[in-house]
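Working notes, structure below.
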Amino acid sequence: MSADNNNATPLFEPQGQSSLLPQRQEGDPTDCWNQVGVYGGKSCPELRAFVHCRNCPVYSTAGAHLLQRDVPDTYREEWTNHFARKRKPTTLEDRSAVFFKIGSEWLALPTHALQEVAERKAIHSLPHRKAGILLGLANVRGELLTCISLGHLLRIEPLPSQATLRTHYRRLLVAIGSGNRVAFPVDEVSGAERFRAEALKPPPPALAGSNPSFIQALLEWQGVTVGLLDADLLFSTIDRNLT
C-alpha cells in the first residue's frame, strides 16, 4: 500500500502476487493507511487486492515495528507518575433497574430480576382459586407463566378489578425470583435505567399508595418519584401467596 500517490518514487514494489515490502528507512514506518488508505483518501491501488489496510503487509510490518521499538528513557518515569496521581472519586452510575408504571405509580425492580417485556397476552383465569393476587396463566413464547396482580399485592389505588385487569393492560413483565418465573401486567415500561447508589433516598414512614414495606428506596427520575422495590421480599411474598 503506497504512502503518497504524488511521490515519483513508490514506497514499495510488488514482488509476485500480493507480496509487498515497504521501501523506507528502518525506524521510519509509513502510515499510508492514514494518507491514501481506508483512514485517508482511499486512493491506494492496493485496496483493490487487500480491501482493507489491515490485510496489507505494510500495515502488519508497521505494527511489528511499533512493538519491537526500543523503550524510551522516560517510559518508566511517565508511567510511574501516571499511576502515582491521586485518583478522583468516580461518579459512575453503578446500579440499574427497570422502571414501570402500575396505575398512577412508578415503580422499579433491579434489572437482574426482570427477564422480558412481553406484549399483551390473554390471561386465562384458573377455576376453583380464590381471588388474592393470582390472575391466571398466560402463554409467553410457548411457556405457560403464572400471572399475578402486582398492583393488588402492593395495594395501589385506584386499580381495576382482576377480571378487567386480565384484558386491559399494555405490557406484561416477566420476572424471576426464588427460581420461579412469574408475569404481571403493567400500564407502561420505561426500560432499564442506570443511577448512582447515592441518588437513592429512604422512603418516608407513611407512604401513600404502594405498600411501603416493599419499597426499600425512592429515586427522583424525570420529575416523578420512583419506588425501588425490595426484590427478595417481593418474591418471597409472591411465593407464599401462590402456595
**Request:** Being over 26 Å from Ala122 (Cα atoms) and either part of a strand (DSSP E or B) or at pLDDT below 90 (or both) narrows it down to one of Ala206, Ala183, Ala192, so name that one.
**Result:** Ala206
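Conditions tested, residue by residue: (1) of a type outside the set (S, T, N, Q); (2) part of a strand (DSSP E or B); (3) at pLDDT below 90.
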{"residue": "Val98", "(1), (2), (3)": "yes, yes, no"}
{"residue": "Leu109", "(1), (2), (3)": "yes, yes, no"}
{"residue": "Leu126", "(1), (2), (3)": "yes, no, yes"}
{"residue": "Arg129", "(1), (2), (3)": "yes, no, yes"}
{"residue": "Gly132", "(1), (2), (3)": "yes, no, yes"}
{"residue": "Gly136", "(1), (2), (3)": "yes, yes, no"}
{"residue": "Leu153", "(1), (2), (3)": "yes, no, no"}
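Residues checked against (1) at pLDDT 85 or above; (2) farther than 30 Å from Leu228 by Cα:
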residue: Asp28; (1), (2): no, yes
residue: Gln35; (1), (2): yes, yes
residue: Gly40; (1), (2): yes, yes
residue: His65; (1), (2): no, yes
residue: Glu78; (1), (2): no, yes
residue: Ala122; (1), (2): yes, no
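Under 23 Å from the mean Cα position of the chain (by Cα), closer than 19 Å to Ala118 by Cβ and surrounded by 15 or more Cβ atoms within 10 Å (Cβ to Cβ): does that describe Phe184?
When the stated conditions are applied, Phe184 passes them.
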**Asked** What about Ala231, is it closer than 23 Å to Ala97 by Cβ, aliphatic (A, V, I, L, M) and touching a strand residue (DSSP E or B) at 6+ places or on another chain (Cβ under 7 Å)?
**Response** yes
**Complete:** Of the residues in the stretch 138-151, those that are free of Cβ contacts under 8 Å to residues at least 24 places away in the same chain, in a strand (DSSP E or B) and of a type outside the set (A, V, I, L, M, F, W, C) number 1
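Filtering the stretch 53-62 down to residues that are under 13 Å from Cys32 (Cβ atoms) and of a type outside the set (Phe, Trp, Tyr), which residue is surrounded by the most Cβ atoms within 10 Å (Cβ to Cβ)? I'd like the intermediate steps shown before the answer.
Taking the stretch 53-62 first, the residues under 13 Å from Cys32 (Cβ atoms) are 53-54, 56-62.
Checking which are of a type outside the set (Phe, Trp, Tyr) leaves us with 53-54, 56-58, 60-62.
Numbers: Cys53: 24, Arg54: 12, Cys56: 24, Pro57: 16, Val58: 26, Ser60: 12, Thr61: 17, Ala62: 18.
Here the residue is Val58.
Just give me the residues in the stretch 135-157 being buried (at least 20 other Cβ atoms within 10 Å of the Cβ) and of a type in the set (A, V, I, L, M, F, W, C), in sequence order.
Leu135, Ala138, Leu145, Cys147, Ile148, Leu150, Leu154
The values are calculated or read from the model by the stated rules, or taken from the named source; none is laboratory data. Just so it is clear, the structure is predicted and the values come from calculations on it, not from any experiment. Glycine also receives a Cβ, built like all others from the backbone with ideal geometry; neighbour counts cover every protein chain displayed.
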